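The block underneath contains the structure these notes are about, expressed in structure tokens.
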């Protein structure tokens, strides 16, 4: 019986560490990856985005693994989809009209 208690006492800290690792690191990372994948899937031509490097642009075209951004009139760059940080919302944009009524 003492041997079972020793085994439990030996592995309990490892199990607690594994649970902490899962809930504090792995699970939030997976949720963030899922949100990023959803955002990339919802991109359409004309949306304003910001890259992880800080480049602002408008989606000009979408390919399998890359996106062509128009960063200035007539200036297009092709970047990896993975480098899109998110949609860029202008601060001075007007609120949605559905709230006006």
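For the stretch 54-80, what are the residues that are in contact (Cβ under 8 Å) with a residue 24 or more places away in the chain and farther than 20 Å from residue 91 by Cα?
Scanning the stretch 54-80 gives 67, 79.
Could you tell me whether the stretch 27-45 includes any residue that is assigned to a strand (DSSP E or B) and in contact with a helix residue (DSSP H, G or I) (Cβ under 8 Å, 6 or more places away or on another chain)? Write out each step before concluding.
In the first step, residues of the stretch 27-45 are kept if they are assigned to a strand (DSSP E or B); the result is none.
No, the stretch 27-45 contains no residue that is assigned to a strand (DSSP E or B) and in contact with a helix residue (DSSP H, G or I) (Cβ under 8 Å, 6 or more places away or on another chain).
Go through the stretch 36-55 and report how many residues are under 17 Å from the mean Cα position of the chain (by Cα) and surrounded by 11 or more Cβ atoms within 10 Å (Cβ to Cβ).
12
Please go through (1) assigned by TED's automatic domain parsing to the domain that holds residue 76; (2) outside any loop (DSSP other than H, G, I, E, B) for residue 54 and return the number of the only condition it doesn't satisfy.
Result: residue 54 fails condition (2) only.
The values are calculated or read from the model by the stated rules, or taken from the named source; none is laboratory data. It should be emphasised that the depicted structure is a prediction, and the values quoted were computed from it without experimental measurement. Every residue, glycine among them, receives a Cβ derived from its backbone with ideal geometry; neighbour counts consider all protein chains shown.
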